[in-house]
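Q: For reference, the structure I am asking about is given below.
No lab work stands behind these numbers, since they all come straight from the coordinates. These figures come from a predicted structure and were not determined experimentally. Cβ coordinates were reconstructed from backbone atoms using ideal geometry, including for glycine residues, and neighbour counts include every protein chain displayed.
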Amino acid sequence: MKKTRFISLTILFVMALSFLAGCGTGTNNAGNSSKEFVVGSASYTEQFIMGELLATLVEENMPDVNVERKLGLNGTMVVHSAITNGDIDAAVEYTGSGLMQMLHMDLITDPDEAYKVVRENYHEKWGIKWLDPLGFNNTYAMAVKKDYADANGLKKASDLIKVASDTVLGCSMEFSERPDGYPGWKEAYGIEFKEVVPMDPGLMYNSIKNDEVDVISAFSTDGRIPAFDLVILEDDRRFFPPYYAVPMVREDTLSEILGLEDLVNKLAGKIDDAKMAELNAKVDIDGMDPHEVAKEFLQTEGLI
């Protein structure tokens, strides 16, 4: 009987030691072991780079966190559905998209106010936290080839009324449908093009380069704008809202992965419009892989 009691006490002692060992301080990532962090993105160059930026930053700094990539999701709405449903934990979104496409709110032209409104509403509605802005504003912009602009006297978007009846617009499927895209733009400017051709965002630039379309709904930070000798027409009706890029993360994920918020916020203000155009060009012009572009940037900034 005494022998049985001794064995039982020994087992309890060993279990107690194991429990105490599990409660040790360890590294800064203590408590993050076996945690999952799933990063999503939409399916165009800048979004692939942004997704890789978040994933690689966490991968290299939090080895106890298992990072998974779900990049190239088909559009902003799909990314939104994925993060609100918990299929992904984080993505980089744009204030204008959050404001008008997801929250269905009116245009706010002040960047700080737009960010504040989006941040508060995402927290209240979906338990998603918008962290600190990355620094660049990737707004939509109507772009044409320079020789086309010169030949038709195009400097402002409202000038397109002079050529609209013969003009073909190339744009993403999203832009052709969303309220802060062509439907809203057409109403704000009172301009309707001869034809609208929805296509993959990556194909728009080659289409206008090859004169298959006359104008495109470009992204202002796209490196192909200068490379293809395109010019951006001034948004003189101030239709497009600010589209500042901001990492957004599920709040339950921030609670589970200690130090994640502080780590991601190290990216704040690190990328201006020119730098983002440069990163995009490395993929679209130089043929680099988005992962390599993101990793190179993080190394240069001393973040990995």
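Q: Non-local amide H neighbours of E234 (under 5 Å, H modeled in plane, Pro and chain starts lacking H): which ones?
A: Under 5 Å from the amide H of E234: K156, A157.
Q: Something else about it: With 10 angstrom as the radius, rank W126, W185 by how many other C-beta atoms surround their C-beta, starting from the fewest. Working shown, then result.
A: Working: W126 16, W185 22.
Ranked by crowding around the Cβ, least crowded first: W126, W185.
Q: Taking K and R as +1 and D and E as -1, what net charge do the other residues with C-beta under 12 Å from the C-beta of M248 add up to? Display every interim value, and only then the final one.
A: Working: positive: R119, K129, R250; negative: D89, E93, D132, E251, E261.
Computed value for this residue: -2.
Q: Right, here's the next one. Report, by chain and number, residues whose modeled amide H sits under 5 Å from the one on G72, excluding near sequence neighbours (fewer than 5 apart, same chain).
A: S41, A42
Q: Shifting gears a bit: Pick the calculated semi-axes √(5λ) of the Cα gyration tensor in Å for this structure from [x] 34, 27, 23; [y] 48, 19, 15; [z] 37, 22, 17?
A: [y]
Q: Now for a separate question. Output the peptides 263-269, 131-137, 168-174 sorted from most to least packed, where packing is the average of other Cβ atoms within 10 Å over each peptide's residues. Please list the in-between numbers first.
A: Numbers: 263-269: 16.9, 131-137: 20.1, 168-174: 22.1.
Answer by packing, highest mean first, reads 168-174, 131-137, 263-269.
Q: Residues with beta-carbon under 12 Å from that of Y115, excluding Y115: net charge, scoring Lys, Arg +1 and Asp, Glu -1?
A: Working: positive: K116, R119; negative: E93, D110, D112, E113, E120, D132.
Summing Lys and Arg as +1 and Asp and Glu as -1 gives -4.
Q: I've got another one for you. If you place +1 on the Cβ of every Lys and Arg and -1 on the Cβ of every Asp and Glu, how big does the dipole about the Cα centre of the chain come out, in debye to the nearest 20? Can you show the working numbers first?
A: Working: 28 positive and 50 negative charges, 262 e Å.
Dipole magnitude for the chain comes out near 1260 debye.
Q: So, one more: Stretch N152-K266 to full length: gain in nm at 0.36 nm per residue minus the Cα-Cα span? Could you put the intermediate results ahead of the total?
A: Working: separation 114, 0.36 × 114 = 41.04 nm, distance 4.57 nm.
That works out to 36.5 nm of additional length.
Q: Can you work out ³J(HN,Hα) from phi for every residue in the range 199-210, in order, using Karplus 6.51 cos²θ - 1.76 cosθ + 1.60 and θ = phi - 60°, giving whole Hz and x for Gly and Pro?
A: 7, 4, x, x, 8, 4, 5, 5, 5, 6, 4, 8
Q: To continue, here is another question. Work from the charge dipole of the chain (Cβ charges, +1 for Lys and Arg, -1 for Asp and Glu, about the Cα centre) and give the residue of V163, I216, S255 farthest towards its positive end.
A: S255
Q: Want the number for V78 to D286: 0.36 nm per residue separation, take away the alpha-carbon distance, what's left?
A: Working: separation 208, 0.36 × 208 = 74.88 nm, distance 2.89 nm.
Extending this stretch completely gives an extra 72.0 nm.
Q: If a paramagnetic tag sat 7 Å from the Cα of D112 along the Cα-Cβ line, which residues of the range 228-266 would have the backbone N under 20 Å from that point?
A: What the label zone holds, given the 20 Å backbone N cut-off, is 241-247.
Q: Do me a favour and compute the ellipsoid semi-axes for the range 74-179 from its Cα gyration tensor, root of five times each eigenvalue, largest one first, whole Å.
A: Numbers: eigenvalues 219, 49, 29 Å².
Calculated on Cα positions only, the semi-axes equal 33, 16, 12 Å.
Q: Rounded to the nearest 20 debye, what is the charge dipole size of the range 140-232 about its Cα centre when +1 sits on each Lys and Arg Cβ and -1 on each Asp and Glu Cβ?
A: Details: 10 positive and 16 negative charges, 53 e Å.
The dipole of the range 140-232 has a size of about 260 debye.
Q: Residues in the range 199-213 near a label at E177, defined as backbone nitrogen under 15 Å from the 7 Å Cα→Cβ point?
A: Residues passing the 15 Å test: 199-201.
Q: Sticking with this one: For a quick protection proxy, order the peptides 43-52, 88-97, 206-215, 116-125 by their average other-Cβ count within 10 Å, most packed first. Present the calculation step by step, with values, prior to reporting the outcome.
A: On the way: 43-52: 23.4, 88-97: 25.9, 206-215: 17.5, 116-125: 16.0.
Listed from highest to lowest mean packing, they are 88-97, 43-52, 206-215, 116-125.
Q: What's the angle, to the nearest 10 degrees (0 to 90), between helix 76-85's Cα axis and the longest principal axis of the chain?
A: Between the helix axis and the principal axis of the chain, the angle is about 20 degrees.
Q: If you don't mind, another one. Regarding the range 140-232, what whole-number volume in Å³ per residue does the convex hull of its Cα atoms give?
A: Dividing the Cα hull volume of the range 140-232 by its residues yields 83 Å³.
Q: Additional query: What is the calculated FRET efficiency for N66 to E120, with r their C-beta to C-beta distance and R₀ = 25 Å, to the nearest 0.05? Each step should come with its number before you reach the end.
A: On the way: r = 31 Å, r/R0 = 1.25.
For R0 = 25 Å, the calculated efficiency reads 0.20.
Q: Which angle between 0 and 90 degrees, to the nearest 10, do you get for helix 111-126 versus the longest principal axis of the chain when only C-alpha atoms count?
A: Between helix and principal axis, roughly 50 degrees.
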